[in-house]
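Scroll down for the structure; my scribbles are underneath it.
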Amino acid sequence: MNTKVELFRTYFPGFREEFDIEKNIKSIILFEDMTDEERLSALFGKPKKLVFEFLKEWAQGIISDKEVYQKLQLEIQAELMSYSYLGGETKADGFLQEWFPELYVETFAEKKEGFKFEEELYPPFYNFIKFPIESLVNLVREEDPQTIAVILSILEKSPKTKILAEHIRQDLTEDIPPPERRVNSSYVREIERVLERKLSTMHLDKQLYCGLGEMGNDSL
């Protein structure tokens, strides 16, 4: 990683989401000045849809007013000159690999496996990992069989969430077959949103209860 790649990443989130022609041109100017390795690093972990839209735009080419182009180039150079990038993969790779292998795997392993989009790094229901497994199991148990089937099918698709599916299946008293038809991604996102909100509320209530309990003990 370097300053150029990091600066590109600050421009990229606005691409197409909040149409900003100057930000788009800056992204392309930086992208054209990168090596292939830097380009892959800059796009690593970004949403597939945005990456494809950006690359399509770059491949088709855009026409920019010459004065605007030169002005943006100067702004980019000024931004690059105003920052120094410290640390990073190049400097930390060997040290972590030799002395802290567990941290090395956690930090760099996925990049070593090759390019990945955001959806591969953070599959649906990935955030459920941060909650107690018992809370997730109890919550899913209350859902209807078809919804449970969807949840299990999604969890089992990724090695990162497969363990959650195993815990849920162990708790169920009946076998849940796969969904009867292909599930729309918007439906999956809605299930994820609702369950995550419920899990967050359960977790907050538990923390509040424990905190009040401690206050009660202190007053005795």
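The values are calculated or read from the model by the stated rules, or taken from the named source; none is laboratory data. Note that the structure is a prediction, hence the values are computed from the model and not measured. Neighbour counts are summed over all protein chains in view; Cβ atoms, including those assigned to glycine, are modelled from backbone coordinates with ideal geometry. To get the accessible areas, we keep the full protein, side chains included, count just its heavy atoms, and leave off ligands, DNA and RNA. Shrake-Rupley method; radii C 1.70, N 1.55, O 1.52, S 1.80 Å.
Data for the structure
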item	result
Residue in the stretch 68-76 that is modelled with pLDDT under 90 and of a type in the set (Lys, Arg) present	no
Residue list for the stretch 170-187, filter: open to solvent by 70 Å² or more (accessible area, probe 1.4 Å) and either within 19 Å of residue 141 (Cβ to Cβ) or of a type in the set (Phe, Trp, Tyr) (or both)	170, 173, 174, 175, 177, 178, 187
Some residue of the stretch 186-194 being touching a Lys or Arg at 6+ places or on another chain (Cβ under 9 Å), under 19 Å from residue 134 (Cα atoms), of a type outside the set (D, E, K, R) and modelled with pLDDT of 85 or more	no
Single match in 168, 163, 176 (criterion: modelled with pLDDT of 90 or more and touching a helix residue (DSSP H, G or I) at 6+ places or on another chain (Cβ under 6 Å))	168
For residue 47: the one exception among (1) open to solvent by 40 Å² or more (accessible area, probe 1.4 Å); (2) under 24 Å from the mean Cα position of the chain (by Cα)	(1)
Helices (runs of 4 or more DSSP H) within the stretch 1-46 that include 1 or more residues more than 18 Å from residue 87 (Cα to Cα), touching a Phe, Trp or Tyr at 6+ places or on another chain (Cβ under 8 Å) and at pLDDT below 90	21-32
Matching helices (runs of 4 or more DSSP H) fully within the stretch 57-169 where at least 1 residues are open to solvent by less than 30 Å² (accessible area, probe 1.4 Å) and closer than 20 Å to residue 183 by Cβ	133-141, 145-155
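A quick yes/no check of all residues on (1) within 27 Å of the chain's Cα centre (by Cα); (2) hydroxyl-bearing (Ser, Thr, Tyr):
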| residue | (1), (2) |
| --- | --- |
| 83 | yes, yes |
| 88 | yes, no |
| 131 | yes, no |
| 137 | yes, no |
| 142 | no, no |
| 178 | yes, no |
